[in-house]
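First up is the structure itself, then whatever we jot down about it.
Nothing in this text is a laboratory measurement; each read-out follows from the coordinates by a stated rule. Computed from a predicted structure; not experimentally measured. Here Cβ is always computed from backbone atoms with ideal geometry, including for glycine, and neighbour counts include all displayed protein chains.
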Ligand SMILES: Cc1cc2nc3c(=O)[nH]c(=O)nc-3n(C[C@H](O)[C@H](O)[C@H](O)COP(=O)(O)OP(=O)(O)OC[C@H]3O[C@@H](n4cnc5c(N)ncnc54)[C@H](O)[C@@H]3O)c2cc1C
């Protein structure tokens, strides 16, 4: 698999997840010179191959909602926009928030967020318990006051999407090498000069570092500190009985502390919200399979939403890594010496934004002022404590990323 790298290119993209693939494609489409994407393993070997790939647009902040909703258009029209198939399934997506008892203050927030999202063109409505029962007859909502429903959202097959984005990048002219690792970024005091790799050194004037939780180690080779840590998060796939109602909806359920979606016919994927089940790990040494107790923990949590889930059978599952930043929002922008960009720290919520991030990063590099303004809030030197929205929810469970 590993081949030698060219001696010189205009752009080196490090990391073959959805971000690297989308950026490489857009740089090529914009004619920004020669492009080499290096992936140390396989395309989609990182979070992009282990994700739930739920496509939620419900964010209380405008910058992330905009990226999510712009990307949804691409996922929905993948064949025309990218080429091939990303396995998009429109299930509609429910986001529950705690709104009962002590959490009543989330009700006006949800109203404001829904209005804000609608003004961005998102097809979303705020719904009460009775409306929810009609939207998903397979679920029980005794513990929910209000939720939102995005009718056009759903999920994709993440590996199919990332691979076809990578193929589209090569069609547009980018060169992709799997099995080639970046070992060091090379720079003078003022600008990037190249990348040292496991297959030799390549000279370049632009590096886009999109290596998820492995980005900090590479940024450190040019003296840049990225505040990104690796958090291990698990998902489990269950088979549900054919004789019980089967939920066809996608959920980010802040009340039951689960995120879930159909996983083919008769199966449901479930992940858990809750800091206590997410461990901070060394990204190079972590357990890829489910912990022994995870299926039972997950089954119990899902039972709160889906009566009868006690009879579901655990099939398989895995763990992946969230690249967490201090505020749960990504870092996107130029850092350090001229020519160096970082696109990482998506904090467990990046897949849905990948196509739009590719467009925005390539556009900003090309000098597009609108794309630059869109990416401004994601800069590395921001204040990590300032809320991103006046309507930020109060949550009962920690999902890692924000809402
Ligand atoms: C369990 C789980 C569930 C998730 N659920 C959702 C969800 O429902 N919706 C959503 O939007 N997001 C979700 N996410 C988050 C989402 O998957 C990520 O934010 C997104 O995939 C990140 O893409 P990326 O390209 O930035 O990183 P990655 O996909 O991690 O890609 C980074 C790549 O860099 C490569 N690399 C590392 N070091 C080097 C090196 N030295 N040289 C070359 N290559 C290198 C890695 O091998 C990897 O392929 C989930 C994540 C997990 C783990």
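Label-point separation (nm) for residue 392 and residue 366, each offset 7 Å from Cα along Cα-to-Cβ?
3.4
Would you mind putting 34-46, 262-274, 278-290, 307-319 in packing order, based on average other-beta-carbon counts within 10 Å, highest first?
By packing density, highest mean first, the sequence is 34-46, 262-274, 307-319, 278-290.
In degrees from 0 to 90, rounded to the nearest 10, what is the angle of the helix 62-76 Cα long axis to the longest principal axis of the chain?
90
Given R₀ = 45 Å, what would the calculated FRET efficiency be for residue 151 paired with residue 184, taking r from the Cβ atoms and rounding to 0.05?
With R0 = 45 Å, the Cβ-Cβ based efficiency is 0.40.
List the relative contact order of the chain as a percent without decimals, with contacts defined as Cα pairs under 8 Å and 6+ residues apart.
24
Going by Cα centres, the range 51-115 and the range 346-403 are how many Å apart?
14
Just the C-alpha atoms of the chain: what Rg/Rh do they give, with Rh taken as the Kirkwood radius?
Using Cα coordinates only, the ratio equals 0.97.
I'd like to compare 22-28, 248-254, 113-119, 346-352: which one has the highest average count of other Cβ atoms within 10 Å, and what's the full order after that?
Most protected by this proxy first, the peptides run 22-28, 346-352, 248-254, 113-119.
With each run of n ≥ 4 DSSP H residues scored as -39500 (n - 2.57), what mean residue ellipticity at 222 nm is computed for the chain after dividing by its residue count and rounding to the nearest 500 deg cm²/dmol?
-7500 deg cm²/dmol
Output the antiparallel fraction of DSSP beta bridges having both residues in the chain, as a percent to the nearest 5.
So the antiparallel bridges amount to about 70 percent of the total.
Based on the mean of other Cβ atoms within 10 Å per residue, sort peptides 133-145, 356-368 so the most packed one is first.
Top of the packing list down: 356-368, 133-145.
What are the equivalent ellipsoid semi-axes of the range 311-379, built from the alpha-carbon gyration tensor (square roots of five times its eigenvalues), in whole angstrom, biggest first?
That gives 31, 14, 10 Å for the three semi-axes.
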